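Presented below is the structure to which this report refers.
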Amino acid sequence: MSTTICQVMGFLVSALGLAGCIAATGMDMWSTQDLYDNPVTAVFQYQGLWRSCVSQSSGLTECRPYFTILGLPAMFQAVRALMIVGIVLGAFGLLVAIFALKCLRIGNMEDSAKANLTLTSGVMFIVAGLCAICGVSVFANMLVTNFWMSTAGMYQTGLMQIQTRYTFGSALFVGWVAGGLALVGGIMMCIACRGLVPEKTHYKAVSYNASGKNIAYRAGTGYESKKTTAHDIAKSEDGRRSYPSKYDYV
């Protein structure tokens, strides 16, 4: 019962993490404009993985997608790739986990096959969670680097120059939480795999003697030669002589 609960909980947590990864990838607020010491507050800018947006105080929001791929920074494209790989692996892991659930009986699938599927889905969820966490962390590192470079450029001439600086957006926190959920769900699936593996039955070996004198067979170990001593031969001959037949009195 505990194995089934652990497996189902891992499945649900991993599915929630996958949904969070999809939501974070599609969100536009990966980086938001830093309004600290910024006198211009009528315009608010924020950027995502696929487009950049500008929101005005009047309530009008205009978004412009990135029309180029080669013109984007290499690290930016790496973040995109990591998030997409995480989503694809999570989707395949979710599909495999459905067939691996112990509470669902599909055909004549044995518990050993379900254990293998559970382990496979758990590994996929773990890798998907790591991809999401790495992608969000790389983007956050880019923001921190650009933020401090912009800050240094504002004060390098002695006069404060207004520059647009970006800070963490809500999509980063969604991505971190989603990656952590996928990672925890994958670990729970791997733990549940151990309970699904059938225990091996140990049989006691039974030895028996064949009709021959020098061969002794053992169950599971083949046969081995049996040494016959003079005492055994004498004992066997005495045993045969202890039962007289009717021809002894003729």
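The values are calculated or read from the model by the stated rules, or taken from the named source; none is laboratory data. Fair warning: this is a prediction, and the values are worked out from it, not measured in the lab. Cβ sites come from the backbone with ideal geometry, for glycine too, and all protein chains shown count toward neighbours. Each accessible area value is taken on the protein alone, full model and side chains, heavy atoms only, with ligands, DNA and RNA left out. Shrake-Rupley method; radii C 1.70, N 1.55, O 1.52, S 1.80 Å.
Compute, for segment 39-149, the length of the dipole vector about the Cα centre, with Cβ point charges of +1 (Lys, Arg) and -1 (Asp, Glu) only. Units Debye, rounded to 20. Don't jump to the answer; show the numbers that get you there.
Working: 6 positive and 3 negative charges, 17 e Å.
Value, rounded to 20: 80 debye.
As a test of reading the structure, rank Phe173, Phe11, Phe67 by solvent-accessible area (1.4 Å probe, protein chains only), most first.
So the residues, ranked largest to smallest area, are Phe67, Phe173, Phe11.
Using a Förster radius of 25 Å, what is the FRET efficiency between Ala19 and Cys63 based on their Cβ-Cβ separation? Nearest 0.05, please.
Values: r = 23 Å, r/R0 = 0.92.
Result of the calculation: an efficiency of 0.60.
May I ask you to list the chymotrypsin sites (Phe, Trp or Tyr not before Pro) in segment 22-62 that are in a DSSP loop and have at most 16 other Cβ atoms within 10 Å of their Cβ? Display every interim value, and only then the final one.
On the way: sites: Trp30, Tyr36, Phe44, Tyr46, Trp50; in loops: Trp30, Tyr36, Trp50.
Listed in order of number, the matching sites are Tyr36, Trp50.
At a probe radius of 1.4 Å, what is the per-residue accessible area of Glu110, in Å² to the nearest 10?
Here the residue's solvent-accessible area equals roughly 120 Å².
Please compute the net charge surrounding Thr61, taking Lys and Arg as +1 and Asp and Glu as -1 over other residues with Cβ under 12 Å from its Cβ.
0
With unit charges on the beta carbons (Lys and Arg positive, Asp and Glu negative) and the dipole taken about the Cα centre of segment 14-149, which residue among Gly26, Asn116, Val144 sits farthest to the positive side?
Positive-most Cα among the choices belongs to Asn116.
Please report how far the C-alpha centroid of segment 103-150 lies from that of segment 1-54, rounded to the nearest whole angstrom.
Comparing the Cα centres of segment 103-150 and segment 1-54, I get a distance of 16 Å.
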